[in-house]
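The values are calculated or read from the model by the stated rules, or taken from the named source; none is laboratory data. Just so it is clear, the model here is predicted, and its values are computed rather than measured. Reconstructed Cβ throughout: ideal geometry from the backbone, glycine too, with neighbour counts over all protein chains shown.
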Amino acid sequence: MHKNSKKQAGGTLLGLIVGLILGLGIAVGVAVVIYKTPLPFTNKGAQEKAVAPANGDLTDPNKPLYGKKAAAKDAVPAPAPVTPQDAAKAPVVDKATLAKEKAEAIKAEAAKAESADEKWIYYLQAGAFRETADAETMKAKLALMGFEATVSERQAETGTLHRVRVGPFGQLETMNRVRTKLSDNGIDVAVVRIGK
């Protein structure tokens, strides 16, 4: 009645220790292989180092790319050194004068923009729809965002189009601000320019 049965002792603990040792060995092996493998795009080894020539001429960095063909220019001439006499001849620019000139240039550009604004009236067109209901829906959507829009009809070859427009704007700057707000809210608009 006594059967020969062997009892396992310490199987779980021994398996855990053997598994950790094997895993550690594999990790070390992978790390060594990765460390020994040369990495692309790195400058670790015996590649040429760029050294400036002693005579002051700069060499062409693309020279190795030419192959056996002769380069158009062997060297790029170095810029002439600035001497104290050359520095003394340079004009002295006052920061206040420079700021005043910049302010005048900005005023001139603003005057030019205003003269251009006097010739045109701008509208932002949010869409052109075949159905009146679609145009009214877009107009209501714009009204919920705080923009007053108008719907106008236009006869086209394919039928009547209902255009939804915001405006008119007399100044380009104002129109651009509204256009930015509309695009921030996900409404794509087209600029329509009409002569006065």
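Among the residues of region 162-175, how many are at pLDDT below 85 and either over 9 Å from residue 124 (Cβ atoms) or aliphatic (A, V, I, L, M) (or both)?
7
Would you mind stating whether residue 181 is of a type outside the set (Asp, Glu) and touching a residue at least 40 places away in the same chain (Cβ under 8 Å)?
no
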